Amino acid sequence: MHFQQIESAGPGAEAQTLKPLKTFTEKSSSLPFGHHLPLESISGPTYLTAQTLVQQVAYTLSDKIFSYSAETFDLDIAIKYWTEQKEKNAFGYQTGVSSLEARTGAGSIALGYMFSRDFDLKKRHIPQSIIASSSTLHYLRPVLDQLSLLYSVANPLIAHIAAVDYTADSSAGLVSDYVSSLTLAEDLGMGLVCSPSVFEAQHMSLFATLLSSVLPTIHTYDGISVGRETARLVDTLDQARLYNSYQAVMEAVSEVDKKHSDNEGRVVRLLQAFNDEFGEDYKLFDYYGHQEPESVLVVFGTVEASLSAQVANALARDGDKLGVINVRVYRPFVEEAFLEVLPKSTQTIAVLGQVKDEAAVFDAAEFSRLYSDVIAAVQFAFDRNMEVIDIKYAREQAWTPSNILDVFQQIYGEKTQSEEVRSYVDILNTADVRQYTFWNLDKSPAANAPVALGKLLSLDSAKNVFVRSGHDNLVRGGAVRHDIRNADYTIEAPYSVEQADVSFVGDETLLHEFDVLNSVKADSSLIIKLPGAKDEDIEKRLSPALRKTILSKDVELFVLDPTLSETLTEYPTLETYLTQLAFLKIAREDLLVSSLPKLAAINGSSEILEKLAGELHTTLREIDVPVAWGTVDEDVRPLQLPSDININSFASFDTIEPEPPSLLKSWVIAAKGLSFKEAYGTETVLRPDLGIKTFVAHVKEHRRLTPLSYDRNIFHIEFDLGDSGLKYAIGEALGIHAENDKTEVEQFIKWYGLNPEEIVEVPSREDANILVNRTVYQSLIQNVDIFGRPPKRFYEALAEFASDEKEKKELLTLGGPEGAVEFKRRAEVDTITFADILLEFPSAHPSFHDIVRIVSPMKRREYSIASSQHVTPNSVSLLIVTVNWVDPQGRDRFGQATRYLNGLNVGAPVTVSVKPSVMKLPPKTTAPIIMAGLGTGLAPFRAFVQERAFQKQQGHDIGEVLLYMGSRHQREEYLYGEEWEAYQDAGIITLLGRAFSRDQPQKIYIQDRMRQTLSDIRKAYLRNEGSFYLCGPTWPVPDVTEVLQEAVEVEYLAKHGRGGRKVDSRREIETLKEAQRYVLEVY
């Protein structure tokens, strides 16, 4: 039996016995389930997207539509299809559709059309529509400005604006942009209406079209998620009902409008007539929450309105006196209507106002547009003081229930009625809503499988299915995430799934890019596609952190192995059907048999699906999760991965086969790249050799802390951040992108016979797969670790270039097992460098492009930050000890990074980056902290203490602060001693335990000071639920841990006496580790 492939088998193929397979191709994520709908099919209960509904209203009620859509945005894909199908609008003719480019002069054709000499004046009452994204408004502004002045003799104009824009100023990619619409509406006197959800998108599109009869109007809605999510709408208006309702409302207000001289009165009357027509109760401003709130949040935006309303209602049910006002119509801003919905009990109004970027958020002189309107409305309306707060946020902000909750806590306080700090608010009943998440690569044959499954689930009329997707084209050549929610009733969840019942990962590399398990709930199921995986290999293919989370969340783990399918071995393109069946097997086994015919009607064929379903017992298997997965070695740090994709595209990435790299280029090729940047893909960036976000800081202070006569040079170095934009959090590390010593580099170039100005292509410091153009001199200064310690493989690689047989044999010996002892001596005693070996074996003389291939690239060095940005907002500090020694040949040797830092003068520029760390303060300011730092290990604790001092200054209660410090001598190494004593006098540090090991005959170490104050540790750490931190060398870890175990045992005896069972103190410490209350950063 032969099976039909998705692609044609080509000429001469063997005859097929099965019918051609039906394929499921997603044409656009802005269409329901990715497929087109005939205009007449939009009616009653049906699955739609807000984007499709906006286009339906525009096509039905417009004379012409002027579309300005980026190619992948597909804002006009439905109207283009209806035009091809020659669909007519409500006025009896085909709507004109012009797809235009967004550039200077955009909109001029619309203005020219309306005021052309041959314009049919009988159509003057028919609206003209613009469909665009907010990124286009800048180009449309001049034309809209002219139109506003001529509006009394123009057609009604409605602009449907998807709030989406690209940003090049951050890594966000696509951002929800409302500030452009807010600004334009205010500056030009235009109307502005916002759709708060997909369920109101059609009504608000219609209302905005009606409002355009009064003044030119913008209708805006979320263009990233809500606008493109497929959802079931029950009372969808068809084309006829749209037109009849439009006419009815226009007729209802036609006479009354003549009595209103202002736009505010006309919009109020228009909304009243609209409500009368549809039996709705829409308001210009909608209130949700407690009946007698003390704090009220004012919001504008689709996701903002939906989430804040649901969170406010949830908190109000628990007795929290807060509420939210959703601004449905921003312009005209009817102050009387706003004050009418504002509860009389309100004491504080917080405005959640969008501004352009992070710089505007932190600029105290800049206010959000919405804030200005709110404060103007309430300033003279009350005979009492009303506090109005502007909570600004940048366009990059992605809203979830959790960070909306953070906003409420910011304005209302951290305590709820039960006096417990909330960290989560549940707006979905996860018992009634099944949630599924799919992670895959764009190029996967199963990339569209989730959409087909969503279509299958939607066939159950008793259920409501929601499907959303997003693309991150900067990860693995293009990654895609799909979310499906399946509920018994209508829900609003305009955010990514956070509690998935079943998750599917279609490529294991994505597990190294995203924290997939952060969005699964406990006792859920995880399916990972692992081709060719044996049971004994599973543990090796999953990271320790992932394995631990699988166990701790009690996740059922399944492996899908397509290589075990006989059918897929012959036809790999059928993988999408196997993926769909595997998902149904785990998530909805009841549908696996009963719904195969329905699934075959969507894609595939009954024969193929039945055959693949029969192979599931082989291709899909459950993996036993051993208890040992819960134990992770101390030296294994958890990966700090993003929990969601960064949506930077609405379509998959068009792969372009790269040109094979050349490791040696001439200046001519480099010049071409600089002259023709678009053709060569050239970018001008700070330190292009680095694959991470970098900044330039300047040395502000360089101060030695130890005496010149002392053998250890420990110094404090502070960097001025200037306008670099660098932000860092407490406990994070500063990456120093150091340079090799210039004198040594020049000596090596001269000795090796290199041309320092020659253009070469070298691997970047952070990713050897990324090649950058540099001169030989630049490469040796910043890229090639020529003075670093070589591994064994370097000796083996260098042997290939040796022309002397004796030298070649010796190099091979050093690189092999028989040379292990000599290699170790060279590395640890002689501290040999790459350059030393090249000098030692002169017959092995590789060219420079071979050197950059076999010599390791330089790595950045991270140092714990010794300052809090709340205290020093424009600077960052480090505590450094220089690393230096003398080798057996009498040569002075230095640690590359500390030598570089020690040689910097005040004002010198330095390339830096920020790295997250496990050293984080507890979320509660009242939680005690116990810190133990040895030598330069005190650095992060200086930041901790500064932050606690800042918190106290801000009026927060703070917990006990216990600091234990260790060094050799107080006179020489009392690092930051005066600061610690000042903080102790100020009541910030409650206990200062100083251990100077060599200042007395008997050695006193940090663990001894801890043991002497065990009662203080018991109180702060165990009774008051504090957190313990140790930073410095590894050697004291066992002794310090032993002291903490003693504290656990003594505390247990004090509570339970000696008659009970003995406490397992080691296990208790492990529990504290898991709770992030025992944190080590040792080296």
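Using square roots of five times the C-alpha gyration tensor eigenvalues, list the equivalent-ellipsoid semi-axes of the chain in whole Å, biggest first.
Working: eigenvalues 611, 298, 210 Å².
Semi-axes from the Cα gyration tensor: 55, 39, 32 Å.
Under 8 Å for C-alpha pairs, at least 6 residues apart: give me the relative contact order for region 496-619, rounded to a whole percent.
Numbers: 142 pairs, mean separation 28.9, N = 124.
Rounded, it is 23 percent for region 496-619.
Quick one: which of 389-398, 454-463 comes out on top by average Cβ neighbours within 10 Å, and what's the full order, highest first? Mind showing how you got there, number by number?
Numbers: 389-398: 18.9, 454-463: 17.1.
In descending order of packing, they fall as 389-398, 454-463.
Could you give me the percent of Cα pairs per 5 Å distance bin for region 720-814, shortest bin first, beginning at zero and ending with the bin that holds the maximum distance?
Cα pair-distance distribution for region 720-814, in percent: 2, 11, 13, 15, 18, 17, 11, 5, 3, 2, 2, 0.
Where Rh denotes the Kirkwood radius from the mean inverse Cα pair distance, what is Rg over Rh for region 24-84? Don't skip to the end; give the middle numbers.
Numbers: Rg = 11.2 Å, Rh = 12.0 Å.
So for region 24-84, dividing Rg by the Kirkwood Rh gives 0.93.
Rounded, prolate or oblate: which fits region 910-1061 when a ≥ b ≥ c are the square roots of the eigenvalues of the alpha-carbon gyration tensor, with rounded for a/c under 1.5 and prolate only if a/b beats b/c?
Numbers: a/c = 1.64, a/b = 1.18, b/c = 1.40.
Note, shape of region 910-1061 comes out oblate.
Would you calculate the separation in nanometres between label points at E805 and D1039, each defined as 7 Å from the Cα along the Cα-to-beta-carbon direction?
The modelled label-to-label distance comes out at 5.7 nm.
Under 1.5 on a/c is rounded, so check that first for region 74-133, then, if it is not, pick prolate when a/b is larger than b/c and oblate when it is not; a ≥ b ≥ c are the square roots of the alpha carbon gyration tensor eigenvalues.
Oblate.
Using a cut-off of 23 Å between alpha-carbon atoms, which lysines can reach K123, once sequence neighbours fewer than 8 places away in the same chain are excluded?
Correct list for K123: K64, K80, K86, K88, K258.
Per the 1.4 Å probe, what fraction of the accessible area of the chain, in percent, lies on carbon and sulfur atoms? If you can, show how the numbers build up before the last one.
On the way: 23630 of 48330 Å².
Accessible surface attributable to carbon and sulfur in the chain totals 49 percent.
Let me check against my output: what whole-number percent is the relative contact order of region 132-242, with C-alpha pairs under 8 Å and at least 6 apart? Each step should come with its number before you reach the end.
Working: 163 pairs, mean separation 35.1, N = 111.
Relative contact order for region 132-242 comes out at 32 percent.
Among S133, S847, L441, which residue has its Cα furthest toward the positive end of the charge dipole of the chain, with +1 on Lys/Arg Cβ and -1 on Asp/Glu Cβ?
My answer, from the dipole projection, is S847.
Looking at L620, N740, H716, which one has the Cα that reaches farthest to the positive end of the dipole of the chain (charges on Cβ: Lys, Arg +1; Asp, Glu -1)?
So the residue furthest toward the plus end is H716.
Could you tell me which residue out of Y1052, Y1029, A995 lies farthest along the dipole of region 980-1083 toward its positive end? Charges go on the beta carbon: Lys and Arg +1, Asp and Glu -1, centred on the Cα centre.
So the residue we want is Y1052.
May I ask for the percentage of alpha-carbon pairs in region 387-511 that lie more than 16 Å from each other?
Values: 5415 of 7750 pairs.
Roughly 70 percent, rounded to a whole number.
Step by step: find N for region 775-913, compute 2.2 N^0.38 Å, then divide the Cα radius of gyration by it. What's the final number? Spell out each step's value before the answer.
Working: Rg = 18.6 Å, N = 139, 2.2 N^0.38 = 14.3 Å.
Against the compact-globule rule of thumb, the ratio is 1.29.
List, in the order given, every pair from K392/K553; K920/K952; K521/K585 whose Cα-Cα distance in the structure shown is over 24 Å.
Values: K392/K553 36 Å; K920/K952 18 Å; K521/K585 19 Å.
Cα-Cα > 24 Å for K392/K553; rest within.
Based on Cβ point charges of +1 for Lys and Arg and -1 for Asp and Glu, what charge dipole magnitude is obtained for region 469-567 about its Cα centre, in debye rounded to the nearest 20? Mind showing how you got there, number by number?
Numbers: 11 positive and 19 negative charges, 51 e Å.
My answer is approximately 240 debye.
Could you work out the pair-distance distribution P(r) of region 228-333 from its alpha-carbon pairs, with 5 angstrom bin width and percents rounded to whole numbers?
Histogramming region 228-333 at 5 Å steps yields 2, 11, 15, 15, 18, 16, 12, 7, 3, 0 percent.
Can you give me the accessible area per residue for the chain, using a 1.4 Å probe, in Å²?
On the way: 48330 Å² over 1083 residues.
With the other protein chains kept in place, the chain gives 45 Å² per residue.
Restricting the count to DSSP beta bridges whose residues both fall in the chain, what percent are antiparallel, rounded to a multiple of 5?
Working: 76 of 154 bridges.
The antiparallel proportion sits near 50 percent.
For the pair H35 and R124, how long in nm is the line joining their label points, each one 7 Å along Cα→Cβ?
With each label placed 7 Å out from Cα toward Cβ, I get 4.6 nm.
About its Cα centre, how strong a charge dipole does region 283-381 have in debye, to the nearest 20, once Lys and Arg get +1 and Asp and Glu get -1 at the Cβ?
Computed charge dipole of region 283-381: roughly 260 debye.
So if I place +1 on the C-beta of Lys and Arg and -1 on the C-beta of Asp and Glu, and nothing else carries charge, what would the dipole magnitude of region 785-923 be about its Cα centre? I want it in debye, nearest 20. Walk me through the intermediate numbers first.
Values: 18 positive and 17 negative charges, 148 e Å.
That gives a dipole near 720 debye.
The values are calculated or read from the model by the stated rules, or taken from the named source; none is laboratory data. From a predicted model like this one, the values you see are computed outputs, not experimental measurements. No Cβ is skipped: glycine too gets one built from the backbone with ideal geometry, and neighbour counts run over all protein chains shown. The protein model used for the area step is the full one, side chains on, heavy atoms only, and it has no ligands, DNA or RNA in it. Shrake-Rupley method; radii C 1.70, N 1.55, O 1.52, S 1.80 Å.
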